[in-house]
Amino acid sequence: EFFDDTLDTRESMRAEQAERLKLVNGELLALVVASGEMVPVDLAPQAARIAEDAPFFKCNGCEAEIARAAGARLELVGVVRKISNLILSLSLQVREVEGQKRVVRAGVVDIRGNTDESWLRGARYLMKNRILAPGQPPLPP
């Protein structure tokens with residue numbers, strides 16, 4: 001998801017950020033699939049609920065219900081926070097959907113520059129060095 005501290009409401013900027021977010025989400029999905037550690041679930045049947053409850057960073061855990069309804073045991077959630085056009089932050093968490101809903105893997109990276117390349121670099125770094133880093137305990141079944 002995307003959170004803009006700058007409150008830039010220009011339609012052109014909002015559209016650009018939405019496209020960039022789609023790009024990064026696609027890259028994250030590809031990295032998850034390539035890892036073999038997690039198998040994505042189909043969220044298409046939950047599309048209306050996702051649109052209704054978004055953004056998840058404001059809904060106090062409602063995304064876990066959506067993940068559960070889709071048949072997931074884990075959820076990968078993330079937020080890109082735009083502090084300025086130069087400084088952004090990307091955070092990712094893998095959390096259990098059931099039980100204690102504990103965070104099992106997480107990471108945060110600062111991004112310099114509001115470009116496709118910088119966002120992708122940040123997402124790839126987090127996946128390689130935090131979420132899918134070698135030597136971590138296996139994810140819960």
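The values are calculated or read from the model by the stated rules, or taken from the named source; none is laboratory data. If you're wondering where the values come from, they're calculated on a predicted model, not measured in any experiment. Here the Cβ is made from the backbone with ideal geometry for all residues, glycine too, and neighbour counts use every protein chain on show. Keep in mind that these areas ignore ligands, DNA and RNA; they rest on the heavy atoms of the full protein, side chains included. Shrake-Rupley method; radii C 1.70, N 1.55, O 1.52, S 1.80 Å.
Before moving on, here are some points about what is shown:
- Rolling a 1.4 Å probe over the heavy atoms of the protein chains gives the range 9-132 an accessible area of 58 Å² per residue.
- Sum of side-chain charges, Ser118 neighbourhood, beta-carbon under 14 Å (Lys, Arg +1; Asp, Glu -1): +1
- The trypsin sites (Lys or Arg not before Pro) of the range 1-89 meeting both criteria, a DSSP state outside H, G, I, E and B (loop) and at most 11 other C-beta atoms within 10 angstrom of the site's C-beta, are Arg10.
- Listed by chain and number, the lysines placed with their C-alpha closer than 25 angstrom to that of Lys22 are Lys58, Lys82, Lys128; residues fewer than eight positions away on the same chain are left out.
- Taking one quarter of the surface of the C-alpha convex hull of the chain gives a mean projected area of 8.5 nm².
- Measuring only protein heavy atoms, the 1.4 Å probe finds Val39 accessible over about 120 Å².
- Residue-span extension gain [Asn25 to Ala47] - 0.36 nm each, minus C-alpha spacing: 6.4 nm
- Estimated translational diffusion coefficient (Stokes-Einstein, Kirkwood radius over Cα pairs, 25 °C, 0.890 mPa s) of the range 77-119: 215 µm² per second.
- Compactness of the range 101-141, expressed as Rg and Dmax over alpha-carbon positions, Å: 12.3, 38
- D by Stokes-Einstein for the range 13-70, Kirkwood Rh over Cα pairs, 25 °C, 0.890 mPa s: 190 µm²/s.
- Mean Kyte hydropathy of 0.0 or more with a Cα span along the axis of at least 30 Å, helices from DSSP in the chain: 11-35
- When you filter the trypsin sites (Lys or Arg not before Pro) in the range 97-141 for DSSP loop state and at most 10 other Cβ atoms inside 10 Å of their Cβ, you are left with Arg102.
- If R0 is taken as 22 Å, the Cβ-Cβ distance between Arg73 and Phe3 corresponds to a FRET efficiency of 0.25.
- Taking GluC sites (Glu not before Pro) across the range 49-141, the ones in a DSSP loop with at most 15 further Cβ atoms lying within 10 angstrom of their Cβ are Glu98.
- Mean residue ellipticity, 222 nm, helices only, the chain: the sum of -39500 (n - 2.57) across DSSP H runs of n ≥ 4, divided by residue count and rounded to 500, is -11500 deg cm²/dmol.
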